[in-house]
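Take a look at the structure below.
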Amino acid sequence: MPSSGMHGDEPGIALTPVDIDTTSVPRGGSTTARFRELDASGLVLKALRLAVFYLALLALWQLLYSLHVWSPYLLPSPSDVWHSFIDYVDNGLIQKAVRASMQRLVIGYAISILIGLIIGMACGSNKYVDETLGSLVLGLQSLPSITWLPLAILWFGLNQNAIIFVTFMGSVGAIAISARAGVQAIPPLYRRAAATMGASRYQSVRYVLLPAMVPSMAQGLKLGWSFAWRSLMAAELIFVTMGLGHLLNLGRDLNNMSLVLAIMFVIVAIGLAVDRIFFARVEAWVQERWGLEAA
Amino acid sequence: MASETFDQETRLPPKPKFEAPAERMAAGGELMALRGVTRHFRTRRHDTLAIDRISLSVNEGEFVCIVGPSGCGKSTLLNIVAGLDHPTGGEALFDGRLIDRPGRERIVVFQEPALYPWLNVRANVELGLKIAGIGRSERKRLADRYISLVNLRRFEKAYIHELSGGMKQRAQLARALAVEPRMLLMDEPFAALDAQTRDVLQQELQEITSRLKTTVIFVTHNVREAVILADRVVVMTPAPGKLKTEIAIPLPRPRGPDSHAVVDLAARVRTELQHDIYAAQSAEDSYAI
């Protein structure tokens, strides 16, 4: 009548007492590999669906063009756009514009990372700073950054610093907010462990606080980047110097809609490339390092 | 609050035949002393006395276990020794000096594995050494030594989320030992582990600390664990936390979990605790209602 499993409950006579032996050798990537295998056939199908969708879109565009619904200067054909693109690559203007825009973006974005981190960490670690400065940051989030351009031109003059400022204002809020969340999400145990190891204030920021913020920062940096990119394009469009926004304006001035469309494609392509290549890698790295539960 | 799991024995604990004096097992002099340490927690509505006038002395090389039901302030006591908390009355001395801040000479091993997930096992162990300002080659040597000591050599490249609970606590122990502290403060480090892993780690901790002659204060609610590990068991009563009694454990090492001497002494400690446990449990029950 009594169940046979009863003896097994006594401590000390279990069959596998050592925890090491019961655990498989961990090495990151085994789970990812399994996911990749699982996805291999699904990925092909997905690519096929995407290709069909975009080819259909392209065909529709071509069809609208061929039916002359709108005149060609309002809606150029796909091949016109392609030729404009090739022309402006050949004369080097697109490369020059991309270089100029990227330079501004990198400067504005870098400054906003620095300032955003400082603001966010201050808000995250001090209640009074959070109440005051934090509320200001949140409030300014509802202000489109392009509205800073008139002031920026007055402050910085008619040069690219005004554009950099608008780019900075576009992304600093998102980065500050995620840094604040990052600090607040750090388990108190991490700080206590650092304290018991005798860490100074500087050491606990450098070795514990900053690395612990990385998972939430990865999100904020990505968001900040896309805000910076949009703000930059808006500013360049209004305030004319060399850059992708300037080329858009040039296309309008020359009544060259195919150039405008070509530049729009370039803007999308750069945005997508940074997102899918750079930030996707950052996210994968965060997942592997910080574990799935952190993401 | 985790549910209290005491290893229940089927027979009743025998009545204690003698009252052993709280004799000092270790040869070294006094390393840590608490003199009338009291800790109030004041909030707007409550004024809680967590621990009340506790005096305790720990000698160099001694392994002291503090047992008591949950909520008796034993973790608060440990935090005060660690310098992570401060007494509101009395004084806590380490090596004759007032404890006013945390420091690596009194390192804590926490109940939850306080390891950093962005670092692998080796980097976690080396971090404490890095903070201590120890150079690279010396860091490597010490990390090698203590990672081997806790049997984690095969897993030194693994990240924390890839480890089992037992391995995490091994890693935390290695990190604490690597800075070669003068005192190890362990706050229920095995409480969240399964029984088998706990048995193994208790044996290993015994072996390591007697080999290194580490001074340890080990907080637990597990009576058998206390008797296996300690030179001296300190029993605390709850609400407010007071020292009830000290029981010397003069048993030869290594001590197995099921040896008669261990079981007998555990029964004695349990008798000391029993009344207070019931008191605490009925208090908790009324709390739940």
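The values are calculated or read from the model by the stated rules, or taken from the named source; none is laboratory data. What you are looking at is a predicted structure, and each value in this text was computed from that prediction instead of being measured. Positions of Cβ are generated from backbone atoms using ideal geometry, with glycine treated the same way; all protein chains shown enter the neighbour counts.
Within the range B:118-140, being surrounded by fewer than 22 Cβ atoms within 10 Å (Cβ to Cβ), facing chain A (nearest Cβ under 9 Å) and either in contact with a His (Cβ under 7 Å, 6 or more places away or on another chain) or not hydrophobic (A, V, I, L, M, F, W, C) (or both) holds for one residue alone: B:LYS130.
Being in contact (Cβ under 8 Å) with a residue 24 or more places away in the chain, β-branched (Val, Ile, Thr), under 28 Å from B:THR38 (Cβ atoms) and surrounded by fewer than 24 Cβ atoms within 10 Å (Cβ to Cβ): is that true of B:THR209 here? In short, no. The residue that is nearest to the other protein chains (Cβ to nearest Cβ), counting only those in the range B:187-197 that are crowded, with 18+ Cβ neighbours inside 10 Å and under 21 Å from B:LEU78 (Cα atoms), is B:LEU193.
Within the range B:53-78, count every residue that is of a type outside the set (Gly, Ala, Ser), more than 16 Å from the chain's Cα centre (by Cα) and modelled with pLDDT of 85 or more. The qualifying residues number 1.
The rows are residues; the columns are (1) out of contact with any helix residue (DSSP H, G or I) (no Cβ under 8 Å at 6 or more places or on another chain); (2) hydrophobic (A, V, I, L, M, F, W, C); (3) modelled with pLDDT under 85.
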residue	(1), (2), (3)
B:VAL200	no, yes, no
B:LEU205	no, yes, no
B:THR214	no, no, no
B:ALA230	yes, yes, no
B:PRO252	yes, no, yes
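Just one of the listed residues (B:ILE107, B:ILE54) is more than 14 Å from chain A (Cβ to nearest Cβ) and assigned to a strand (DSSP E or B), namely B:ILE54. Report whether or not B:ARG154 is in contact (Cβ under 8 Å) with a residue 24 or more places away in the chain and either in a loop (DSSP other than H, G, I, E, B) or within 25 Å of B:LEU201 (Cβ to Cβ) (or both). Here the answer is no, as B:ARG154 does not meet what is asked.
Residues in the range B:237-255 that are touching a residue at least 12 places away in the same chain (Cβ under 8 Å) and either among the hydroxyl-bearing types (Ser, Thr, Tyr) or part of a loop (DSSP other than H, G, I, E, B) (or both): B:THR237, B:PRO238, B:ALA239, B:PRO240, B:THR245, B:ILE249, B:PRO250, B:LEU251, B:ARG253, B:PRO254, B:ARG255.
Can you pull out every residue in the range A:69-105 that is at pLDDT below 90 and hydroxyl-bearing (Ser, Thr, Tyr)? If the condition is that a residue be at pLDDT below 90 and hydroxyl-bearing (Ser, Thr, Tyr), then A:SER71, A:TYR73 are the ones that fit. Taking the criterion of being within 10 Å of another protein chain (Cβ to nearest Cβ) and in a helix (DSSP H, G or I), the residues of the range A:190-201 that qualify are A:TYR190, A:ARG191, A:ARG192, A:ALA193, A:ALA194, A:ALA195, A:THR196.
Selection of first residues in the range A:82-109 that are surrounded by fewer than 21 Cβ atoms within 10 Å (Cβ to Cβ) and of second residues that are modelled with pLDDT under 95, restricted to Cβ pairs under 6 Å at least 6 apart or on distinct chains, gives the following pairs, ordered by first then second residue: A:PHE85/A:ALA262; A:ALA100/A:MET242; A:ALA100/A:GLY243; A:ILE107/A:ILE164.
Just checking, does the range A:202-218 include any residue being without any contact (Cβ under 8 Å) to a residue 24 or more places away in the chain, of a type in the set (Gly, Ala, Ser), within 14 Å of another protein chain (Cβ to nearest Cβ) and in a loop (DSSP other than H, G, I, E, B)? Checked against the condition, which is being without any contact (Cβ under 8 Å) to a residue 24 or more places away in the chain, of a type in the set (Gly, Ala, Ser), within 14 Å of another protein chain (Cβ to nearest Cβ) and in a loop (DSSP other than H, G, I, E, B), the range A:202-218 yields no hits at all.
Can you name the residue in the range A:243-283 that is of a type in the set (Gly, Ala, Ser) and surrounded by 12 or more Cβ atoms within 10 Å (Cβ to Cβ) and, of all such residues, is nearest to A:GLY220 (Cα to Cα)? Only one residue tops the list, namely A:ALA280.
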